[in-house]
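Here it is: the structure, laid out below.
No value in this document is a laboratory result; all are computed from the given coordinates. These numbers were taken from a predicted model, which means no experiment stands behind them. Reconstructed Cβ throughout: ideal geometry from the backbone, glycine too, with neighbour counts over all protein chains shown.
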Amino acid sequence: MNETIHQSIATVQIALTNGIPSDDADFLSQFYQFDKNADWQLTLTDTDSYCLTQLSTKLSLNLDFRQGNYRYRQQAIGKEPLLNAVKIQKKLPKTLIDATPGVLKDSFMLANRGIQITAIERNPLLYIMVRKALSHINSNTNSLTNSIIIDYHFGDAKDLLPNFHADIIYLDPMYPAKRKSAQVKKEMQILHQVIGTDSDSDDLFHIAKQQSTRLVIKRPSYATPIADSKPSFSYSTDKRGATRFDIYLP
């Protein structure tokens, strides 16, 4: 499994600051070269969350589920388009596999609505950052998020999907490039550089389709269906139509 993960990782060097736990450092050393002068720096903040910074651009990504957009989506009463996309006969599913969780925003929101989530992340750097953030949620019994259930795994979903079963498999691969597109948000700039492109998303899609369960795929409105495979039906997110969800029935 490590070979396929190595192939999917963008080639970057990382500088680890003091305070990074040795088990996390040992884990990352299997996949990355460490260099104290590297452009990418991983820091453990005063609030015990991981922050990844690109020194040359000052872009940074700090994962903390106790604040920011995570907390807003947790508390917001308004409609989440993804909730409608994953419903089966107008009811939310009991279980869902997120095979491309990234920074876990969608999974976090879905889990807060009572869905039991299995998330499979193959990028080692994202994995330890998210795992650290989840540890605070799972250990804080006074948190508003103490009902969240996210079973978080490291590995390539193409290998691990057959080991799990859920009502829904959810895929949100990196969006294909768009001509004359505006500058993407800093979070996505970092992810594109550190993770690379999801060049094997079609392969993941075909494996997911073999699992005999409903498949929901997030796509930009300008893109063709993944692997040029026509969905059973699609759900548009809002009046602007910037994003759609393609649904494939088993």
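Check which residues have an amide H placed less than 5 Å from ILE97's amide H, if you skip close sequence neighbours.
Amide H neighbours of ILE97: THR118, ILE168, ILE169, TYR170.
Distance in nm between label sites at ILE20 and HIS136, each 7 Å beyond Cα in the beta-carbon direction?
Taking the simple label geometry, ILE20 and HIS136 are separated by 1.9 nm.
Separate question: Search the structure for amide H atoms under 5 Å from the amide H of THR243, placed 1.01 Å from N in the peptide plane, and list their residues when 5 or more places away or on another chain.
Amide H neighbours of THR243: SER221, THR237, ASP238.
If Lys and Arg each add +1 and Asp and Glu each add -1, what is the summed charge of the other residues whose beta carbon sits under 13 Å from the beta carbon of LEU125?
My count for the surroundings of LEU125 gives +1.
Same structure again: Tell me the label-point distance for the pair THR57, ALA223, using the 7 Å Cα-to-Cβ offset, in nm and rounded to one decimal.
1.9
Each residue of the range 38-49 in order: what ³J(HN,Hα) in whole Hz does its phi give by Karplus 6.51 cos²θ - 1.76 cosθ + 1.60, θ = phi - 60°, with x for Gly and Pro?
5, 6, 9, 10, 9, 10, 9, 7, 5, 8, 6, 10
Once fully extended, how much extra length lies between ASP159 and ASN37, figured as 0.36 nm per residue of separation less the alpha-carbon to alpha-carbon distance?
Details: separation 122, 0.36 × 122 = 43.92 nm, distance 3.51 nm.
Gain on extension, ASP159 to ASN37, equals 40.4 nm.
Now a separate question. Nearest 0.05, what FRET efficiency do GLN67 and LYS230 give at R0 = 51 Å with Cβ-Cβ as r?
Efficiency for this residue pair is about 0.80.
Moving on to the next point. Which residues' amide hydrogens lie under 5 Å from the amide hydrogen of GLY102, considering only partners 5 or more residues apart or on another chain, with H built in the peptide plane?
HN-HN under 5 Å from GLY102: empty list.
Mind sorting ILE20, ILE149, ILE128 by how few other Cβ atoms lie within 10 Å of their own Cβ, fewest first?
Lowest count first: ILE149, ILE20, ILE128.
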